[in-house]
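In what follows, a single structure is set out as structure tokens and then discussed.
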Amino acid sequence: QLWREKNSARQERKSSFKTLSQIPVKTVYTPENLETTDYLEDVGLPGEFPYLRGVHAGGYRDRLWTMRMFAGFGLPQETNQRFRFLLDNGQTGLSVAFDMPTLYGYDTDDPRAAGEFGKCGVAVSSLADMEALFDGIPLGQVTTSMTINSPAAIIWAMYIAVAEKQGVPLEQIGGTLQNDILKEYLAQNEYIFPPEPSLRLVVDTVEFATRYMPRWNPISISGYHIREAGSNAVQELAFTLADGFEYVRRCVDRGIAVDDFAPRLSFFFNAHNDFFEEVAKYRAARRIWAREMRDTFGAQNPRSCWLRFHAQTSGASLTAQQPENNVVRVGLQALAAVMGGCQSLHTNGKDEAWALPSEQAALQALRTQQIIAYETGVTDTVDPLGGSYYLESLTNEVEQGAYNYFRRIEDVGGVVPALESGFFQREIADAAYIYQREEDRKERITVGVNDFITDEEMSIPLLRVDREGESRQIENLNNVRRTRDNREVARRLKELEAAARGEENLMPPLLDAVKAYATLGEMMGVFREVFGEYQPGWGF
């Protein structure tokens, strides 16, 4: 109190200080801000419930995070070369970006896919493409993350088929399928089918992985895209965990024991600019997940209470102006993810406001992770910011904000009614409006955009997708159709349709159709016919 009185005449440079989630930030934090915090019960130690300080006792002293660079463009053969380049330069896991036609379940030669080949990822229309994508890469030795949602089960079946052709047993195949369809309705809008059949497909993949693939994470419950759509950190945390709880309920309703599948659920969060709020978000996520899994869902296995997460630096925060500044932004965002205890990390290239990352930009982004890992000392102790009065207080406030949202979602009727009514979308739009208004008023500064502006022209090399690649991809696709056993394909597609109209798990008939070289578009066509396409009924 004496300190406050002594310094009461100070003139601060802003009228108020707030995080990006509009949480007020005090001038200084002291033990008074943590009077209601029980250290052992609420904070604890690394590797101990509630896992606030990390799921592993030794943190990065025992094992560094997986450096998993997101990559994909053009032809499968071109992306294969990028994978090999990154692995040769120290990347420790693969992450596949698919192009827009693939994300929407169309073959490259579909008229609706015209002009979109290979622009935001790699084109995959059949098992032959997946074989080319991973040619020469031993899938028994490397883990792969695949960012795919509505067609996730089909793309996963293709990957499994390639691994089996390499002689890798199902139980040894490791990796992650994003497969988070709920966030598509909330934020990214790459949904195809209505929520209920979409959730059935997700639970089918969880059930299949639980039975046969113990090293595979069948869902990566994703806040990243929610944040990129304009949400703040509290919304990202709350909506992501709410989705996670819904998946748990659906799997339990299927009859899968929570401790049989929950240890293989994983998460995917954004790493944005507000450094301390981001670290607080990751820590709060672990504590909330642990308590809810134990107290609400009755998990007995400690691993069911672990929130393991991948992080990616914020694409929305990258600027087309003065793109070299993005190297600094990415470095600080990556540092926040590491200080928050991520299990794997992707760092964006400086050029991604303009194009897919060039080889040089991707390498520089990978080197950013390696410098953090090996040169800074932040990996030498677990949760190095733990105990900071500010961080612990902010962690509590972020967590409280998430629980406020959980209550509001329940008041609407739960996750599916909330997304069908537009609740999530309106909340995200409001947060995006607040952020943009602050930028327009210069209450928040983005260097090179609304202040410190220069007239210099952008002069960094950009990746150009080969314009001839689309015709080569279509030629390869037509060759698959000519050389496969089309009677076998027709039979497998009929079996898939019958299964979709019934209640059986769809992974076995999908694997059969994939191995017969049915195309992505053909299999998705079956699902479109059976399930229909979703048209949202809400509006602002």
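What does the net charge come to around V203 if you take all other residues with beta carbon closer than 15 Å to its beta carbon, with K and R at +1 and D and E at -1?
Result for the local shell: -4.
Whenever you get a sec, line up M339, M146 from highest to lowest accessible area (probe 1.4 Å, protein heavy atoms).
M339, M146
Order the peptides 4-10, 78-84 from the highest to the lowest mean number of other Cβ atoms within 10 Å of their residues.
Descending mean neighbour count gives 78-84, 4-10.
Against the longest alpha carbon principal axis of the chain, how many degrees, from 0 to 90 and to the nearest 10, is the axis of helix 469-483 turned?
Around 40 degrees separate the two axes.
To one decimal place, what orientation-averaged projected area in nm² is obtained for the convex hull of the Cα set of the stretch 438-528?
Over all viewing directions, the stretch 438-528 projects a mean Cα-hull area of 12.1 nm².
Extension gain Y433-L87, at 0.36 nm per residue separation less the Cα-Cα distance, in nm?
Between Y433 and L87, full extension yields 120.5 nm more.
For the stretch 63-217, what is Rg from Cα atoms divided by 2.2 N^0.38 Å, rounded to two decimals?
The stretch 63-217 yields a ratio of 1.01.
Taking Cα atoms of the stretch 170-270, Rg/Rh with Kirkwood Rh, to two decimals?
Result: Rg/Rh = 0.97.
Applying 1/(1 + (r/R0)^6) with R0 = 51 Å to the Cβ-Cβ distance of S8 and R254, what FRET efficiency is obtained, to the nearest 0.05?
0.25
Angle, helix 275-295 long axis vs. longest principal axis of the chain, Cα atoms, 0 to 90°, nearest 10?
70
Calculate log10 I(q)/I(0) of the stretch 213-333 for q = 0.09, 0.12, 0.13, 0.18 Å⁻¹, where I(q) comes from the Debye formula with a single equal point scatterer on each Cα and nothing for solvent.
-0.28, -0.48, -0.54, -0.90
Return the carbon/sulfur percentage of the accessible area of the stretch 110-234, one whole number, probe 1.4 Å, all protein chains in place.
Its accessible area is 48 percent carbon and sulfur atoms.
For K26 and R215 in one chain, what is 0.36 nm times their gap in residues minus the Cα-Cα distance, to one decimal in nm?
Working it through step by step, the gained length comes to 63.6 nm.
Based on the mean of other beta carbon atoms within 10 Å per residue, what is the order of 402-411, 420-429, 273-282, most packed first?
273-282, 420-429, 402-411
Tally Lys and Arg at +1 and Asp and Glu at -1 over the other residues with C-beta under 14 Å from the C-beta of R303: what net charge comes out?
+2
Rounded to the nearest 500, what is the 222 nm mean residue ellipticity of the chain from helices alone, with -39500 (n - 2.57) per DSSP H run of 4+ residues and division by all residues?
-14500 deg cm²/dmol
Eigenvalues of the Cα gyration tensor times 5, then square-rooted: what semi-axes does that give for the stretch 1-124, in whole angstrom, largest first?
After diagonalising the Cα gyration tensor, the semi-axes are 49, 24, 15 Å.
To the nearest 0.05, how large is the calculated FRET efficiency for V142 and E41 if R₀ is 45 Å and r is the Cβ-Cβ distance?
The value I calculate is 0.65.
Provide, for the chain, the number of lysine pairs with alpha carbons under 21 Å apart, each pair being eight or more places apart or on different chains.
Step by step, the pairs that qualify in the chain add up to 13.
State the label only: which of (i) 175; (ii) 159; (iii) 244 corresponds to volume of the Cα convex hull per residue in Å³ computed from the shown model?
(ii)
Using only Cα atoms, find the angle between the long axis of helix 359-375 and the longest principal axis of the chain, and express it within 0 to 90 degrees, rounded to the nearest 10.
Relative to the chain, helix 359-375 is tipped by roughly 50 degrees.
Which value, in Å², gives the accessible area per residue of the stretch 16-88 when a 1.4 Å probe is used on the protein heavy atoms?
51
Can you give the Rg/Rh ratio of the stretch 256-321, where Rg is from the C-alpha atoms and Rh is the Kirkwood radius?
Radius of gyration over Kirkwood radius for the stretch 256-321 works out to 1.12.
The values are calculated or read from the model by the stated rules, or taken from the named source; none is laboratory data. All figures in this text were calculated on a predicted structure; none of them were measured in a lab. Cβ: placed from backbone, ideal geometry, glycine included. Neighbour counts: every protein chain shown. Just so you know, the surface numbers come from the protein's heavy atoms only, side chains and all, with ligands and any DNA or RNA stripped out. Shrake-Rupley method; radii C 1.70, N 1.55, O 1.52, S 1.80 Å.
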